[in-house]
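> Mind having a look at this structure? Questions to follow.
The values are calculated or read from the model by the stated rules, or taken from the named source; none is laboratory data. Bear in mind the structure is a predicted one, so any value in this text is a computation, not a measurement. Positions of Cβ are backbone-derived with ideal geometry, glycine not excepted, and every protein chain shown enters the neighbour counts.
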Amino acid sequence: MIVNPTFLPGISNYLEPKPKRVLPPIHEWSEDDQPRKKLVKKGARSLSQAELLAILINCGNTKQSAIELAQEILLSCNNNLSDLSSMNVEDLTKFHGIGYKKAVTILASLELSRRKQSQLPSKKNVITCADDVASLLRPLLEDQFYETFYVLYLNHANKLLHYSCISSGGLTSTTVDPRMVFQEALLQKATRIMLCHNHPSGSLRPSNADVNITHKLKAGGKLLDIEVLDHVIVSSEGHFSFKEDGML
C-alpha cells in the first residue's frame, strides 16, 4: 500500500527540506569580518553599507543572517540610502525579521545622518555662494514631496547666525510672508540673508511666483538695510542661483 504523506499529520513537515543559510552565522566568522569587531578595530568607514545596517538590525531571521537581511533591504532600494530613508516603519516591517523596534532604530539612525549633513562645523559656518547654501540645505530638502522655503541669516562677514524654515506648502508652491522673514532677521541681528527653497518636480527653472517673492524681499530688505544676497532653488537635478544667473 502506498501512503500519501500529506494525509499524515505532521509527517509533511519532516519531509520538507529545511532552509539552509547561504552564510554561516556571523558569530562563527573570523573576528576581522564580524561587523561590530571590525568597526572597533578598523573604524566605521571600513564597513560596507550592508555591514553598518546589519549592526543596527542586530540579528537576522531563521533563514538569513543580519548581513543577508541587510543586503535584501538595500537591494530593494537599489543600494541607495536616500531611497532607504524615504521608507517608513510599515515598509521596513514587511521584511521578515524586521519588527517595530528594528525599523524605528534604522529610521532614527538615518535621520541623525541627515541632520548631521545639514549642520556646518562651528569653524566653517561662513556662507559665501550658492554652493554653500545648497550643501547646507539639500539634506533637509531633497526628500521633501512639497515645497519648503528656508532663509539663512548672516552677519556682515557672511557668518551664519541662524537658518529657519519659513513655510511649507504644496507640490508646486509655498506662501512666504515677508514679515516673518524680516522679523527673524531683526531678532538675529542679521544684516544679510540668503533665500532657498526646493522644487519637488526636479525642475530648476524659477516660477513667476519665485521671481516675485525674490524681488519683494529684496525691496523690503532695502528699507531695513538688510541685503538679500541670493535665492537658491534646490532639486534632484542640482541647484539654481538667482545671483549667478543675473536675476538678482
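> Taking only region 143-169 into account, find how many residues are out of contact with any Leu (no Cβ under 9 Å at 6 or more places or on another chain) and more than 18 Å from HIS231 (Cβ to Cβ).
Residues that pass the stated criteria total 4.
> Okay, next question. Would you call ALA108 of a type in the set (Gly, Ala, Ser), modelled with pLDDT of 90 or more and more than 18 Å from the chain's Cα centre (by Cα)?
no
> Would you please name the residue that is modelled with the lowest pLDDT, looking only at residues in region 175-204 that are among the polar types (S, T, N, Q), under 29 Å from HIS156 (Cα atoms) and part of a loop (DSSP other than H, G, I, E, B)?
THR175
> Inside region 188-221, can you point out the residues that are in contact with a Leu (Cβ under 8 Å, 6 or more places away or on another chain), touching a residue at least 40 places away in the same chain (Cβ under 8 Å) and farther than 18 Å from ALA130 by Cβ?
PRO200
> I would also like to ask the following. Could you pull out the residue among LEU171, LEU161 that is surrounded by 14 or more Cβ atoms within 10 Å (Cβ to Cβ) and either of a type outside the set (D, E, K, R) or farther than 19 Å from SER241 by Cα (or both)?
LEU161
> Any idea which of (1) more than 19 Å from TYR163 (Cα to Cα); (2) assigned by TED's automatic domain parsing to the domain that holds VAL176 is the one ASN198 doesn't satisfy?
(1)
> Quick one: THR172 ticks every box in (1) in a loop (DSSP other than H, G, I, E, B); (2) over 17 Å from LYS216 (Cβ atoms); (3) in contact with a Gly (Cβ under 9 Å, 6 or more places away or on another chain) except a single one, so which number is it?
Checking THR172 against (1) in a loop (DSSP other than H, G, I, E, B); (2) over 17 Å from LYS216 (Cβ atoms); (3) in contact with a Gly (Cβ under 9 Å, 6 or more places away or on another chain), the one that fails is (3).
> Right, here's the next one. Restricting the search to region 137-158, which residues are among the polar types (S, T, N, Q), touching a residue at least 40 places away in the same chain (Cβ under 8 Å) and surrounded by fewer than 17 Cβ atoms within 10 Å (Cβ to Cβ)?
The answer is GLN144, and nothing else.
> Among the candidates VAL151, VAL176, VAL126, which residue alone is closer than 25 Å to PRO206 by Cα, more than 20 Å from the chain's Cα centre (by Cα) and among the β-branched types (Val, Ile, Thr)?
Within the list VAL151, VAL176, VAL126, the selection yields VAL176.
> Further question on the same structure: Consider region 222-233. How many of its residues are touching a strand residue (DSSP E or B) at 6+ places or on another chain (Cβ under 8 Å), closer than 17 Å to ALA185 by Cα and free of Cβ contacts under 8 Å to residues at least 40 places away in the same chain?
Of the residues in that region, 3 qualify.
> While we're looking at this one, here's another question. Confirm whether LYS37 is at pLDDT 80 or above and either part of a helix (DSSP H, G or I) or outside the structural domain of LEU112 (by TED's automatic domain parsing) (or both).
The answer is yes for LYS37.
> Being buried (at least 16 other Cβ atoms within 10 Å of the Cβ) and either in contact with a His (Cβ under 6 Å, 6 or more places away or on another chain) or hydroxyl-bearing (Ser, Thr, Tyr) (or both) narrows it down to one residue among ALA103, ALA50, ALA134, ALA54; which is it?
Details: ALA103 fails: either in contact with a His (Cβ under 6 Å, 6 or more places away or on another chain) or hydroxyl-bearing (Ser, Thr, Tyr) (or both); ALA50 fails: either in contact with a His (Cβ under 6 Å, 6 or more places away or on another chain) or hydroxyl-bearing (Ser, Thr, Tyr) (or both); ALA54 fails: either in contact with a His (Cβ under 6 Å, 6 or more places away or on another chain) or hydroxyl-bearing (Ser, Thr, Tyr) (or both).
The conditions single out ALA134.
> Separate question: Hey, LEU75 hits all of (1) exposed (fewer than 10 other Cβ atoms within 10 Å of the Cβ); (2) modelled with pLDDT of 90 or more but one; which does it fall short on?
Failing condition for LEU75: (1).
> Would you please name the residue that is surrounded by the most Cβ atoms within 10 Å (Cβ to Cβ), looking only at residues in region 204-248 that are more than 30 Å from the chain's Cα centre (by Cα) and among the charged types (D, E, K, R)?
LYS218
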